[in-house]
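Let me begin by presenting the structure, written as structure tokens, before commenting on it.
The values are calculated or read from the model by the stated rules, or taken from the named source; none is laboratory data. Model, not experiment: these values are computed from the prediction. Cβ atoms come from the backbone with ideal geometry, glycine included; neighbour counts cover every protein chain shown. What goes into the accessible areas is simple: the full protein's heavy atoms, side chains included, and nothing from ligands, DNA or RNA. Shrake-Rupley method; radii C 1.70, N 1.55, O 1.52, S 1.80 Å.
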Amino acid sequence: MNGSAIIIFLVFSMIILTIDLITYKGLKKINKPFVTSKWFKTIYWSVPIIVMLSFILFSIFRLSINPVSFFPYFHTISGFFILMYVPKLVFIDFEILEWIYTFLKHLYKKIFHRGKIDETSEQITRSQFLRKVGVGVAIVPFASILYGIAWGRFNFTVRNVQLKFKSLPKEFHGFRILQITDFHLGSFANSVDKVEEAIKILNSQNADMVLFTGDFVNNVAGEAEPFTEIFKKISAPFGKYSILGNHDYGDYVPWKSEEERDENLNKLKAIQTEMGFNLLLDE
């Protein structure tokens with residue numbers, strides 16, 4: 001790693017370790033025996049270690065590994081990071097509320113010379129209540145993200161929209177246009193059967209025309225190659241048309257040269273043509 005990458009890594013590591021430390025201390029105050037158990041600590045602290053090691057490996061090997069092979073692993077780690085740290089950030093919000101509550105409680109006691117505020121007689125203290133609510137709320141994004149990663153991305157949905165306006169020519173009455181977008185085929189590298197399922201759903205709509213509105217791939221043209229024959233099966237009597245999305249241009253890959261980037265883009269254009277799409281380039 002170069003100097004700037006090292007600085008970014010150190011700042012990144014400090015941030016996630018701070019998040020982990022605050023979360024761990026908050027959880028320990030809820031259930032100390034459980035949180036301080038050997039197996040829980042091993043699992044808990046292995047998460048930031050995995051994330052930091054992944055950051056290092058990504059920085060070292062990102063230029064030497066074929067992007068088609070590398071980015072699926074990168075997206076896996078990214079998903080793992082989001083799954084682990086978004087809930088922790090939610091929990092920390094409630095931990096900060098507990099800090100504010102504790103500070104105001106002691107400030108009130110000091111200003112008004114009150115005796116010690118005893119919460120021990122309560123079944124659950126206000127601090128414990130805030131933390132437990134924090135855990136409960138944090139479970140929501142955790143479950144949502146987990147569902148999205150494991151199952152939600154395969155939950156294909158058809159939305160029917162009927163367009164009505166006075167200037168519509170009579171020839172277009174009942175004309176069915178099917179619009180699809182953002183396949184990001186690299187994310188389906190191990191789920192070819194799911195893409196076939198999506199194509200069957202598309203064809204079942206009996207559309208007159210099919211429009212694809214960008215982002216066939218995550219980063220590189222090679223992601224689309226295994227799906228060429230599947231996309232040939234999309235049929236529409238008035239044709240199928242496509243445009244390029246921001247990810248299709250390959251701007252998120254550290255290409256060795258502009259020529260290599262252009263070669264990748266031309267390859268993706270050729271793949272779309274082979275699939276039977278009429279690729280529109282500012283037409």
- Message: Quick check: the distance between the Cα centres of region 210-283 and region 123-183, to the nearest angstrom?
- Response: 26
- Item | Most positive-pole-ward Cα, VAL192, ASN218, ALA236, against dipole of region 138-268 from beta carbon charges | ALA236
- What is the gain in length, in nm to one decimal, between TYR147 and LYS28 on full extension, counting 0.36 nm per residue of separation less the C-alpha to C-alpha distance? 40.1 nm
- Task: Using the Karplus curve 6.51 cos²θ - 1.76 cosθ + 1.60 with θ = phi - 60°, work out ³J(HN,Hα) for each residue of region 80-95 in order, rounded to whole Hz, and write x for Gly and Pro.
- Result: 4, 5, 4, 4, 7, 9, 4, x, 5, 5, 5, 4, 4, 4, 6, 5
- Message: Among 176-183, 129-136, how do they line up by average Cβ neighbours within 10 Å per residue, starting with the highest?
- Response: 129-136, 176-183
- Counting only protein heavy atoms with a 1.4 Å probe and every protein chain in place, the carbon and sulfur fraction of the accessible surface of the chain in whole percent equals 63
- Item | the chain, dipole about Cα centre (Lys/Arg Cβ +1, Asp/Glu Cβ -1), debye to the nearest 20 | 1920
- Lys/Arg +1, Asp/Glu -1 at C-beta; the chain dipole; positive extreme among THR181, PHE165, PHE34: PHE34
- By average C-beta atoms within 10 angstrom, highest first, the peptides 198-210, 42-54, 100-112, 83-95: 83-95, 198-210, 42-54, 100-112
- Query: Out of GLY26, GLY250, GLY148, any idea which swings most in a Gaussian network model of the chain, alpha carbons joined below 10 Å?
  - Reply: GLY148
- Quick one: accessible area per residue over region 166-228, 1.4 Å probe, rounded to a whole number of Å²? 52
- Partner lysines for LYS269 [C-alpha distance under 30 Å; skip if fewer than 8 residues away on the same chain]: LYS194, LYS200, LYS232, LYS233, LYS240, LYS256
